Amino acid sequence: MDRRDFLKCTLTLAALAPLARLTAQTGAAAAGADAGTENGKLTRRRFRDTDLTLPLLGFGMMRLPQKNGAIDSAAGQKLVDYAMKAGLNYFDTAWPYHGGRSELFVGEALSRYPRESYLLADKLPVRSIKSLQDAERIFQEQLRKCRTGYFDFYLLHALNRGNWETVKRCGLYDFVRRMQKEGKIRYVGFSFHDSPDVLKTIAEAHPWDFVQLQINYLDWHNYRSREQYEIVTKLGIPVIVMEPLRGGTLATLTPEATKILKTSAPDASPADWAFRYVASLPNVICVLSGMNRMDHLKENLRVYSPLRPLSDSERLTLASALAAYQKVDSVPCTACNYCVPCPVEVAIPRVFGAYNQYKIDGNFAAFKKAIDALPNEGGPASCVSCGVCLKKCPQKIDIPSQMKRIAAELKKK
């Protein structure tokens, strides 16, 4: 990274200070004030102008603990129980998570609690919808799987330019609003993966109760998250954040970047910085984290109990760490698994994960061992560039080209 890029990165993060003041004004009606911010208590934010508050930390059900290739229900239940006891009562699932098993787990795990004691979010899989009848059938199946009569928050899932056409053609916005009138949905929103101009089109097309965006300090500029945040904030639409750690990427930085953060705050982990970064945005009402380990859950709860927003000097420290991290030539994969299964069984997220770890620690032997251990010869050399994955990747990664690059690097040593 040259001096110009460093300064660009630094100024981008430093700009959060005046931006925070701007969004405190334009987003106040959307997000509402913090509640429950005393020491040791999980910070909650008021939803719009209602009496409802959301925990600032939400539980994403996309990366649940697994055992023998399936969800480890016992381990997952312990996480849910601990979260509920701590006041973390927002749970986010979706039709495709864990091959359709996430909703079943959520329904079982939460069945021991009164329905009014937790907030449940689910999503209509727009990419799988061919007709209004599909939407009606899937929605009823989701209610059954989640053992509920209604969803607190319901989203049109992963909207982009193409999926938005499906929404319009099949009348899906009118459908979810009808479900809302029938008492089966409390609040209607959408999750999004595309460019700011597409977001503006969708956000302005209808009234929305909330939106779910990918925001983190790496994507603030790279993924144009700042532009997206500003668009919806000016429209008064509150934001739920997904991928605050960018699929775990921001939890394990390079040694140089980690040293910068540790020098400033020895007791804080890189993940702490990333979580505080997104929660410092006033129009953010909830930050989702896909937690599959108890230590991660406890650490994240500590960060938000209560939230301590980033100071201006801390933003500059984070900008320096980001500049150091961006010297690494990694692949911007969040391990969402939307790209799998691959027709030739390339283990795409696992290949990218092994490669990114190699770029961080420089351990080529471990990198090669991880690739060699993939089942069904699922390494990068098996990619046939069929392009099936390209339409599925929310991050718009040129997966075939990256596979060729990684395969070539494996041959160098």
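Regarding C342, is this residue of a type in the set (A, V, I, L, M, F, W, C), under 24 Å from L288 (Cβ atoms) and either in a loop (DSSP other than H, G, I, E, B) or under 24 Å from the mean Cα position of the chain (by Cα) (or both)?
Details: of a type in the set (A, V, I, L, M, F, W, C): yes; under 24 Å from L288 (Cβ atoms): no; either in a loop (DSSP other than H, G, I, E, B) or under 24 Å from the mean Cα position of the chain (by Cα) (or both): yes.
So C342 does not fit the description; no.
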- Message: Which numbered condition in (1) farther than 26 Å from A158 by Cα; (2) open to solvent by 30 Å² or more (accessible area, probe 1.4 Å); (3) without any contact (Cβ under 8 Å) to a residue 40 or more places away in the chain is the only one that D272 fails?
- Response: (2)
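Pick out the one residue from L288, L297 that is under 23 Å from A121 (Cβ atoms), at pLDDT 95 or above and open to solvent by 10 Å² or more (accessible area, probe 1.4 Å). Break it down into steps so the answer makes sense when it comes.
Values: L297 fails: open to solvent by 10 Å² or more (accessible area, probe 1.4 Å).
It is L288.
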- Query: Could you say which residue among G236, G247 is small (G, A, S) and either modelled with pLDDT under 95 or within 18 Å of the chain's Cα centre (by Cα) (or both)?
  - Reply: G247
- Subset of the range 51-62, residues in contact with a strand residue (DSSP E or B) (Cβ under 9 Å, 6 or more places away or on another chain) and either within 19 Å of A86 (Cβ to Cβ) or without any contact (Cβ under 8 Å) to a residue 60 or more places away in the chain (or both), comes to L52, T53, L54, P55, L56, L57, G58, F59, G60, M61
- With criteria (1) open to solvent by 40 Å² or more (accessible area, probe 1.4 Å); (2) outside any loop (DSSP other than H, G, I, E, B); (3) among the aliphatic types (A, V, I, L, M), V351 comes up short on (1)
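Could you tell me which residue of the range 366-384 is surrounded by the most Cβ atoms within 10 Å (Cβ to Cβ), considering only residues that are assigned to a helix (DSSP H, G or I) and under 27 Å from the mean Cα position of the chain (by Cα)? Even if it seems obvious, please write down each step before you answer.
First, pick out the residues of the range 366-384 that are assigned to a helix (DSSP H, G or I): 366-372, 375-377, 380-382.
Subsequent filtering for residues that are under 27 Å from the mean Cα position of the chain (by Cα) retains 367, 370-371, 380.
Values: F367: 21, A370: 18, I371: 21, P380: 25.
Among those that are assigned to a helix (DSSP H, G or I) and under 27 Å from the mean Cα position of the chain (by Cα), it is P380.
Among A335, A323, which is the only one that is touching a helix residue (DSSP H, G or I) at 6+ places or on another chain (Cβ under 7 Å), at positive phi, touching a residue at least 24 places away in the same chain (Cβ under 8 Å) and not acidic (D, E)? Quick ask: steps written out before the conclusion?
On the way: A323 fails: at positive phi.
From the options A335, A323, the qualifying one is A335.
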- Query: Within the range 320-339, how many residues turn out to be surrounded by 22 or more Cβ atoms within 10 Å (Cβ to Cβ) and either assigned to a helix (DSSP H, G or I) or at pLDDT below 85 (or both)?
  - Reply: 4
- Task: For the range 85-136, enumerate the residues that are open to solvent by 40 Å² or more (accessible area, probe 1.4 Å) and part of a loop (DSSP other than H, G, I, E, B).
- Result: W95, P96, R101, S111, R112, Y113, P114, K130
- Query: So which helices (runs of 4 or more DSSP H) are wholly in the range 159-229 and hold at least 3 residues that are more than 28 Å from D329 (Cα to Cα) and open to solvent by less than 40 Å² (accessible area, probe 1.4 Å)?
  - Reply: 161-170, 172-181, 196-205
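Mind listing whichever residues of the range 390-401 are over 18 Å from G247 (Cα atoms) and either polar (S, T, N, Q) or open to solvent by less than 30 Å² (accessible area, probe 1.4 Å) (or both)? Full working, then the answer.
The initial filter retains those residues of the range 390-401 that are over 18 Å from G247 (Cα atoms), namely 390-391, 400-401.
Answer for the range 390-401, where residues must be over 18 Å from G247 (Cα atoms) and either polar (S, T, N, Q) or open to solvent by less than 30 Å² (accessible area, probe 1.4 Å) (or both): P400, S401.
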- Task: Please work out which residue is most open to solvent (accessible area, probe 1.4 Å), limiting yourself to the range 60-77 and to residues that are more than 14 Å from L110 (Cβ to Cβ) and more than 21 Å from the chain's Cα centre (by Cα).
- Result: N68
- For residues in the range 119-134 being charged (D, E, K, R) and in contact with a Phe, Trp or Tyr (Cβ under 8 Å, 6 or more places away or on another chain), which is nearest to F105 (Cα to Cα)? D122
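The values are calculated or read from the model by the stated rules, or taken from the named source; none is laboratory data. Bear in mind that the values here come from a model prediction, so they are computed numbers and not experimental data. Because the Cβ atoms are built from the backbone with ideal geometry, glycine has one as well, and the counts that use them run over all protein chains shown. SASA here: full protein model, heavy atoms, side chains in, ligands and nucleic acids out. Shrake-Rupley method; radii C 1.70, N 1.55, O 1.52, S 1.80 Å.
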